[in-house]
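The values are calculated or read from the model by the stated rules, or taken from the named source; none is laboratory data. Predicted model, so just to flag it, every value in this text is computed and none were measured. Glycine also receives a Cβ, built like all others from the backbone with ideal geometry; neighbour counts cover every protein chain displayed. Protein only, heavy atoms only, side chains kept; ligands, DNA and RNA dropped before computing areas. Shrake-Rupley method; radii C 1.70, N 1.55, O 1.52, S 1.80 Å.
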Number of protein chains: 2
Amino acid sequence: MRILVLGGDGYLGWPTALHLSRRGHDVGVVDNFVRRQYDHEMGVDSLVPVLGLGQRLRVWNEVSGFTVESFVGDLTDAAFVDATLERFEPDTVVHFAEQRSAPYSMIDRRHAVYTQVNNVVGTLNLLYAIAERDPSIHLVKLGTMGEYGTPNIDIEEGFIEITHKGRTDLLPYPKQPGSFYHLSKVHDSHNIQFACRVWGLRATDLNQGVVYGQETDETTLHPGLATRFDYDGVFGTVLNRFCVQAVVGHPLTVHGKGGQTRGMLDIRDTLACVELALLHPAAPGEFRVFNQFTESFSVRQMADLVAGAHSGPVSIEHIDDPRVEKEEHYYRAAHTKLLDLGLVPHLLDNSTLRGLLAVAERHRDRVDLTAIGATVDWRRTASSLPTAGVALAR
Amino acid sequence: MRILVLGGDGYLGWPTALHLSRRGHDVGVVDNFVRRQYDHEMGVDSLVPVLGLGQRLRVWNEVSGFTVESFVGDLTDAAFVDATLERFEPDTVVHFAEQRSAPYSMIDRRHAVYTQVNNVVGTLNLLYAIAERDPSIHLVKLGTMGEYGTPNIDIEEGFIEITHKGRTDLLPYPKQPGSFYHLSKVHDSHNIQFACRVWGLRATDLNQGVVYGQETDETTLHPGLATRFDYDGVFGTVLNRFCVQAVVGHPLTVHGKGGQTRGMLDIRDTLACVELALLHPAAPGEFRVFNQFTESFSVRQMADLVAGAHSGPVSIEHIDDPRVEKEEHYYRAAHTKLLDLGLVPHLLDNSTLRGLLAVAERHRDRVDLTAIGATVDWRRTASSLPTAGVALAR
C-alpha cells in the first residue's frame, strides 16, 4: 500500500512512518518542521536528541534497506497539498500534521487563531485535494478523546443513539472540548464528516487518548532513529512529564485534585492502531470514528504508578489546576472497535514504566527544570512563558 | 443601552441598527463592506437599490434625529476589533458580521476556506477582545437553524437531555450542518460556548431560520433607508427568490421533491428577537441558544403559498437538487424561548406575501434572469457562475 504520513517528522508521525515502512508499505512523509520551530519559540528541546529528517531517513535506509520519500511543505498551502498527492499517488493518507498542544493553543489570541486556522485549513485543503484527485484515497485522521470532554454519561465511538420524545436517531456524539486546540479537532471532525457525505470520501477519525512512551521496535534499531520526548509544560504530556520529574527529584505536579481521568495508550499501540485502520479502510462515503486508547487512569493514579515504579524517593504535589476542567468526574468511554480489528494492547505495567523512567534517566542532564511548570493559565487570555523570549505585543 | 451591531451594513444588520436606534439605544455599526464586494464578484446586485452606508446614516439622522456611529474595518483584524470596543464601550455586541451564504461557501476550495477562516477568526478575535476589555459585554451572535441539520428526532434549543445506559446529562445538541458555511457557524458555537466556560463571558446564540421580507417600520420611513433584497442563486433565499420568479413570469424552481422543511421568520421578527435577547441578557458565564424562527414550511409549501398570493399565473418546476440534503424528512424544532420573552410573531399570511411580491414588482426591471439559477453544485468541488467573471485558477 502507498501511504503518505502527514506530520511524519513529529513525535508519532516519525515512528508511524518507520513502522509502516518496515511492514513493506511504500511510505512518504510530509512535514513543514513547524514542530521544531515551536521548540525554538518555547525555548525548550526534546529530552531525547533527534536527527534532522533527511539524516534520519538516511539512517533508516541504511538500517532497514527501505526508502521513505519526503515532501517538505505546509498543508495550508493548497497547491503544495495537491502537487504532493499528484506526485505520490497514495492509497492512504495518515494525517498527524496539526498543532497538537492544548496549552500552546491557550497561550494567547495569536496562538489560538494560529492553531484553529492551521489545523482547519490544512484539513480542508486535504479534503479538497483528495476529492479532486482521487476520492478513493482513505483518510486516516488523528483526532483526540478530548473532543468529547467529560460528559456525565458513557462516551461512545463518534456516534450515539438518542431516543427523544418517542423517536430514535443515531447522531454525532455531542462534543465539549476543553481548549482551542481540542476545539480545532472538533471543527475538523465536522468538516470531514461533511466531505464524506457530499463527495463520497472515506475517512477514519482516530480519537486518540494521551500517548506515553518513546521507544518502538523500529526507533530502537539505531540511536539515530529516535523520536522526540517532550516533558515541558506546553508540549509534554502527563505520564512522560511525571517520569522526568521523578528522575530529577522534582515533585510530581498533580493539577488540582488529580481526579481528571483520561484514556491513555502506549506509543507502540498508536502505530498498531493506525495500521489496523488503514488495513481495514472505511467504505466509500463512510465517516467512522475509533476511540484510540487502551486504558483509563486518573492523573493521581498515574502519579502513584510512577512513584511505585521509580527506584528512588518520589513526592507528589498538588498545584492549582491551570486548566478549566472538572477535577473529579464520571468517565467511561467505549474503545472496542480497534480491539475488534485485532489490537493487542501494551498495558501500562511496571516494565513499561521502568522503560520510560530509563529513557528519562539516560537523558537527565538535558532536563531544563524551568521548562516543566504549567505556565499557561486557561483563565487568562494571555500567559507568558519563562523559557520563551519576550513576545512582541499582539 | 450601548449596542454595537457588527455587519451593520448588511441585509439584517442595517434594519436591526435602525430599529435599536429608534428605540433610543446608542447604536454603532461595524462593517467592512465585503457583502457589497460579493455583489461585484458574483456580478449581481440587490434587487432594491441601497445607498452607501455613510449616505444612509445621514438619511437616518435627518429622518429620525438619531445618530448612529460607524466603524469601518474587518473582524479578522484583531487590533481593529479591540480598538472599536475600546472606543465605543458597548454593553451589547450584536454579531451579524459573517459570510452567510451556503452556496457561496460551496463554490470551490478558496470560498470554503475563506468562509471558515473569516467567520471563525472574526468571532475568535471578538471573544478575546470582549474577555480582555470587559467580560460583562453581552454577545448576541447570529447562528443558524442549519447547524442542526435534519435529525430524525425533535430539535431542541441548543441542548438536549440524553439518558444513556442508565445515566443522564444535558449536552450540546448534536450538529449535522449541510455546507461549509453552516459548518463555520457550528465551529463558532463551540468556540463561544468554550469562551463562556473559561472566561465567564455571557452569550446568546440565535439559531435563526430563513428570513423573508425586506421592509421594516424604520426602512419604510424613507427610500434611502432600504435594506438589500437578494434573489440570486448564491445569496438569495428561497421565499424572496420565489417572489421574484413569480413577478417576472419565471417558473418557481423547487429543488428536488421540495419536501425540505425549514424554520422561517419575517425580517421584522429578526429585529424583535435580537432586541428581546439583548434586553434579557445571558448571565455571566452563560452560553444560551434560542431557536429564532416562527413557522416551518417545506419548499413546496412555500412555492404554493407564493403561487396562491400572486395575482398572475405561476408555474412550479422541480429541478435536480444542487445540494446534498434530504428531500423529505422529519422536522420538528422547538422555538419557545423567544416566545417566552414576549415575541409576537408576524406570520406568513397573504398580506405579507403580497407585500413581498409588491417589492419585487416595483423593481422588476432590475431583475437579472441569468442570476436566478442555482449554479453551485454541492457534489462538485468547483462550480462556475454564469454572471461572474472568469476566476483565476485555485
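In percent, rounded to a whole number, the relative contact order of the range B:1-57 is 33, using alpha-carbon pairs under 8 Å and six or more apart. With the charge dipole of chain B set up from +1 on Lys and Arg Cβ and -1 on Asp and Glu Cβ about the Cα centre, the Cα lying farthest toward the positive end among the listed residues B:Tyr128, B:Phe242, B:Thr216 is that of B:Phe242. Spatial offset of the range A:115-129 relative to the range B:116-153 amounts to 20 Å, using the alpha carbon center of each. Which of A:Phe242, A:Phe80, A:Phe96 moves most in a GNM of chain A, Cα contacts under 10 Å? Highest fluctuation among the options: A:Phe80. Take each complete run of DSSP H in chain A, measure how far its Cα atoms stretch along the helix's own axis, and keep only those covering 30 Å or more with mean Kyte-Doolittle hydropathy at least -0.5; list them. Result, helices passing both filters: A:109-133. Note: relative contact order over the range A:65-190, using C-alpha pairs below 8 Å and six or more positions apart, is 30 percent.
Can you put B:Lys326, B:Lys141, B:Lys257 in order of accessible area, largest first, using a 1.4 Å probe?
Largest accessible area first, the residues go B:Lys257, B:Lys326, B:Lys141.
For the residues of A:178-190, the average number of beta carbons from a partner chain within 10 Å of their own beta carbon is 4. Please state the charge dipole magnitude for the protein assembly as shown, taken about the Cα centre, from unit charges on C-beta atoms (+1 on K and R, -1 on D and E), reported in debye and rounded to the nearest 20. The dipole of the protein assembly as shown has a size of about 160 debye. Mean separation of Cα pairs under 8 Å and 6 or more residues apart, divided by the residue count, gives chain B a relative contact order of 21 percent. For the rotational copy pair B/A, the chain B residue whose Cβ lies nearest the symmetry axis, together with its distance in Å, is B:His187, 2. Per-residue SASA remark: A:Ser311, around 120 Å² accessible (1.4 Å probe; ligands, DNA and RNA not included). With all protein chains in place and ligands, DNA and RNA left out, the 1.4 Å accessible area ranks A:Glu62, A:Glu218, A:Glu317 as A:Glu62, A:Glu317, A:Glu218, largest first. Within the shell defined by Cβ-Cβ distances under 14 Å, the residues around A:Val34 carry a net charge of -3, with Lys and Arg each +1 and Asp and Glu each -1. Summary for A:Gly373: label point 7 Å along Cα→Cβ; distances to the equivalent points in the other copies, ascending, 6.6 nm. Under a 5 Å amide H cut-off, with hydrogens placed 1.01 Å from N, A:Phe229 pairs with A:Leu47, A:Val48 among residues at least 5 apart or on other chains. log10 I(q)/I(0), Debye, Cα-only the protein assembly as shown, no solvent, q = 0.07, 0.08, 0.09 Å⁻¹? Debye output, listed in q order: -0.53, -0.69, -0.86. Residue ranking by accessible heavy-atom surface, 1.4 Å probe, largest first, among B:Glu86, A:Glu361, A:Glu147, B:Glu327 comes out as B:Glu86, A:Glu361, B:Glu327, A:Glu147. Heavy-atom accessible area for A:Asp45, with the other protein chains in place and a 1.4 Å probe, reaches approximately 90 Å².
In the elastic network of chain B, a GNM with C-alpha springs shorter than 10 Å, the most mobile of B:Gly259, B:Gly224, B:Gly342 is B:Gly342. With an a/c value under 1.5 for the gyration tensor axes a ≥ b ≥ c computed over the alpha-carbon atoms, chain A is described as rounded. Counting only heavy atoms of the protein chains and using a 1.4 Å probe, B:Val210 has close to 40 Å² of accessible surface.
Average partner chain C-beta neighbours within 10 Å, per residue of B:35-41?
Counting other chains' Cβ atoms within 10 Å and averaging over B:35-41 gives 0.
Between identical copies, the spacing of B:Gly342 label points, each set 7 Å from Cα toward the C-beta atom, reads 6.7 nm from nearest to farthest. Report the net charge of residues surrounding B:His187, where surrounding means a beta-carbon distance below 14 angstrom and charges are Lys +1, Arg +1, Asp -1, Glu -1. It works out to a net charge of -1. For B:Pro223, the distances from its label point to the matching points in the remaining copies are 8.5 nm, ordered from shortest, with each point set 7 Å beyond Cα toward Cβ. The range A:227-281 and the range B:1-69 have their alpha-carbon centroids 52 Å apart.
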